[in-house]
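Read through the structure below, which is laid out as structure tokens, and then see the notes.
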Amino acid sequence: MNRRQFLLAAAGTCAAAATLSFSGRLFAAPAGSPRFLLVFLRGGYDCNNLLVPCTSDFYYASRPTLAIAKPDASNPDSAVGLDADWGLNPVVRDTLLPLWQKKQLAFIPFAGTDDLSRSHFETQDHIERGQPQGHAGDYRSGFLARLSGLLTGVPPIAFTNNLPLSFQGAGRDIPNISLKVDPKAHFDPRQAAILSGMYAGTPLAQASADGLTLPRTISADLRDEMLAASRGAPGARSFAAETRRIATLMREQYRLGFVDVGGWDTHVNQGSTQGDLANNLKNLGEGLAAYADTLGDAWHDTTVVVLSEFGRTFRENGDRGTDHGHGTVHWVLGGRVAGGRIVGEQLAVNRQNLLQDRDYRVLNDCRDVLGGLFARLWGLSVNQLQTVFPQARPHDLRLL
């Protein structure tokens, strides 16, 4: 294999490198063992325009330009009714609704953390650490790293450019690699060193060494070649393209994964069934549907949780957007999920029940919800769950 072939293999699929452990051996997870993928929406997505409280007059009064119309069969831009109180943004009608109808998707409103900073960075870190507010623990210890340390036969991986805080502090290297096809993508020094070590002493040693010395893994002529092959279609940067690659790895090798998706901070011109939020939700729905489809039969052993650091203000602002909020809506998907339900503790959606007259309250703590799911997935004991989420009170919502 020459250098150009090596670069193409690394940039075009990334799978050859990602399927190898740092010792160069293939991971071999037991057949039928549970898969878990955490999808982190960074930026605080507006849950109120995904899971629509369509029987709340207060919702429509609070969002004169952003509210999504009540379910109406004659109006394709109206919410898709899920039950007597809630509807779904119609931009995910073709992707999430089929999963809901198959009872493979559930929503948990009034979810989140006790972090009231409304800071993206503080709240994201709070979730990824998985430690209680004010806990004097290790600030570089993530809950997925602690979970991974308790499990055997559950190979972990982060589908990110840098190892997320969730997976830090494991006491061992956890692989991370982005599967976005980005012409500017390159391996950072840590990844380059790992790859060089993997290929040392093999026939590919020289090719890998040559390729990794370049500042970019894809040269200009190779970028042109990849673009020409797309015949004018957008680059493979959509979430659906990424999740198909993720599914390929999760199906055979990995069982505990993390991926994050940015672009959810919608202060201005947020839109309802059109605009930035709608486009993001549409792409997200397509990605999750593609993930389920690509997994095939392995979807039956798969659980996906979608969450964000917080929600948005219930009322729209003067710029036809929303600001940093508190409570949000978590999603749980999977082939064995007891879905088709809105679960967890809930309140009527009205002004009296808002937090500080602006946000959804948090009634379903993220750590408690995840703890309940992990207990179901891997049969973790009370003491083990306390290792993952100190001082949490795992809540079994019977979704698995």
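In the set (1) within 15 Å of K103 (Cβ to Cβ); (2) assigned to a helix (DSSP H, G or I), N283 fails one condition alone, (1). Residues in the stretch 303-320 that are in a strand (DSSP E or B) and farther than 30 Å from F258 by Cα: there are none.
Considered as a group, the residues in the stretch 375-400 that are within 23 Å of F107 (Cβ to Cβ) and in contact (Cβ under 8 Å) with a residue 60 or more places away in the chain include one that is surrounded by the fewest Cβ atoms within 10 Å (Cβ to Cβ), and that residue is R398. For the stretch 70-96, the set of residues classified as in contact with a Gly (Cβ under 9 Å, 6 or more places away or on another chain) and of a type in the set (A, V, I, L, M, F, W, C) consists of A79, V80, L82, L88, V91, V92, L96, listed by residue number. Among the residues making up the stretch 340-384, those that are farther than 27 Å from S148 by Cα and among the polar types (S, T, N, Q) are Q346, N350, Q352, N353, Q356.
Tallying residues that are over 20 Å from the mean Cα position of the chain (by Cα) and outside any helix (DSSP H, G or I) within the stretch 32-74 yields 19.
For (1) of a type in the set (F, W, Y); (2) buried (at least 22 other Cβ atoms within 10 Å of the Cβ); (3) touching a His at 6+ places or on another chain (Cβ under 8 Å), each residue gets a yes or a no:
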site: L96; (1), (2), (3): no, yes, no
site: A106; (1), (2), (3): no, yes, no
site: F110; (1), (2), (3): yes, yes, no
site: D115; (1), (2), (3): no, no, yes
site: I127; (1), (2), (3): no, yes, no
site: G130; (1), (2), (3): no, yes, no
site: S141; (1), (2), (3): no, no, no
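Looking only at residues of the stretch 273-286 that are of a type outside the set (D, E, K, R) and surrounded by fewer than 22 Cβ atoms within 10 Å (Cβ to Cβ), we find that the one that is farthest from D359 (Cα to Cα) is N283. If you go through the stretch 104-122 and keep only what is in contact with a Gly (Cβ under 9 Å, 6 or more places away or on another chain) and farther than 25 Å from H300 by Cβ, you end up with P109, F110, A111, G112, R118, H120.
Of all residues assigned to the stretch 331-351, at least one qualifies as being in a helix (DSSP H, G or I) and either closer than 20 Å to N48 by Cβ or touching a residue at least 60 places away in the same chain (Cβ under 8 Å) (or both).
Of the residues making up the stretch 232-251, not a single one is over 30 Å from L355 (Cα atoms), basic (K, R), assigned to a loop (DSSP other than H, G, I, E, B) and at pLDDT 95 or above. A single entry from H326, H330 fulfils the requirement of being in contact with a Cys (Cβ under 8 Å, 6 or more places away or on another chain) and not aromatic (F, W, Y): H330. S148 satisfies every condition listed in (1) over 23 Å from G43 (Cβ atoms); (2) in contact with a Ser or Thr (Cβ under 8 Å, 6 or more places away or on another chain); (3) modelled with pLDDT of 95 or more except (2). Per the conditions (1) among the acidic types (D, E); (2) at pLDDT below 75; (3) assigned to a loop (DSSP other than H, G, I, E, B), the sole criterion not satisfied by D265 is (2).
The values are calculated or read from the model by the stated rules, or taken from the named source; none is laboratory data. What you are looking at is a predicted structure, and each value in this text was computed from that prediction instead of being measured. Here the Cβ is made from the backbone with ideal geometry for all residues, glycine too, and neighbour counts use every protein chain on show.
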